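Note sheet for the following structure.
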Amino acid sequence: MTHCHRLIQITDTHLGRQPGPIRPGYPDSDAQLDTVLAAVRQREARVDRVLLTGDLAEDPHPEVYARLLDHLRALPGDWPVTALAGNHDEHGILEQTLWPAGHAVDGHCDLGNWLIVGLNSASPGKVGGYLEPSECARLDTLLAGHPHHWALIAVHHPVVPVGSAWMDRIALENPEDLFAVLDRHPRVRGCLFGHIHQEFRGTRHGVELLGCPATCIQFTPHADQPERDTRSAGYRVVELGPEGEIHSHVERVATSADIPETRRA
């Protein structure tokens, strides 16, 4: 049987300065992450890489990212991690904390005949995202240097509208710059993102566009204003095939913070 590469996407952990709810009515972000990581460890026998796609901290201080490292030790030591910064993160502190522990930040790697590229869309002082020209140029160079690889891109901010008016206002500001690069490289097969706290699936020019539930709270899809959803926390499983195939699904994880279908905060 031909080997597929298996990735796990975890996103929007929103760890506060101390363990516990980051605001009234929210669950304990640390407990939520612990429960999701325990489910990943139990359900997934083999993982080639874990992608943490941003908003890892709500309060981006060194002790918060140190606590994130403690959580990640629950995963098998041979599961490599790539992390991205989101709008709630402080990219420099994230990098200074994770790199010495052996975790990549905005990195790229080869998995067989696949190239995985993490992009930094965090723009200081802004909720929405922006890809700097240097980041688009880095992506272009990497793709050009791997002409025989299939490619998967990971970024924090959604690259297309997801159908929620308020969320679409704080998405990636310059998706056209990203797509100008992707359109030059037909072996790009997928783009993963976080930020939206909900499941999403779309396509553009044959490229799979995949959004992921958060480990913290979920947002109701297709809502004009922020509204907490009743769905459970989750993570995304992505399998990359040798001929450029992408097979993906979301795994939901029940937690003690789940709210009944009849009540929304």
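Annotations for the structure displayed:
- Gln32 being under 19 Å from Ala257 (Cβ atoms) and either out of contact with any Pro (no Cβ under 6 Å at 6 or more places or on another chain) or part of a loop (DSSP other than H, G, I, E, B) (or both): yes
- Count of residues meeting criterion [within 15 Å of the chain's Cα centre (by Cα) and among the small types (Gly, Ala, Ser)] in the range 79-125: 8
- Number of residues in the range 31-55 that are more than 27 Å from Cys4 (Cβ to Cβ) and surrounded by 22 or more Cβ atoms within 10 Å (Cβ to Cβ): the value is 2.
- For Arg204, the conditions (1) basic (Lys, Arg); (2) surrounded by fewer than 19 Cβ atoms within 10 Å (Cβ to Cβ); (3) under 17 Å from the mean Cα position of the chain (by Cα) all hold with the exception of (3).
Each row is one residue, and each column tells you yes or no for (1) part of a strand (DSSP E or B); (2) among the β-branched types (Val, Ile, Thr); (3) more than 20 Å from Leu52 (Cβ to Cβ).
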site: Pro100; (1), (2), (3): no, no, no
site: Asp110; (1), (2), (3): yes, no, no
site: Ile116; (1), (2), (3): yes, yes, no
site: Pro124; (1), (2), (3): no, no, no
site: Val127; (1), (2), (3): no, yes, no
site: Ser134; (1), (2), (3): no, no, yes
site: Leu139; (1), (2), (3): no, no, no
site: Leu143; (1), (2), (3): no, no, yes
site: His146; (1), (2), (3): no, no, yes
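- The set of residues in the range 147-201 that are surrounded by fewer than 24 Cβ atoms within 10 Å (Cβ to Cβ), under 13 Å from the mean Cα position of the chain (by Cα) and among the aromatic types (Phe, Trp, Tyr) contains only Phe200.
Only the coordinates and a few stated rules stand behind these numbers; no lab work does. If you're wondering where the values come from, they're calculated on a predicted model, not measured in any experiment. Cβ sites come from the backbone with ideal geometry, for glycine too, and all protein chains shown count toward neighbours.
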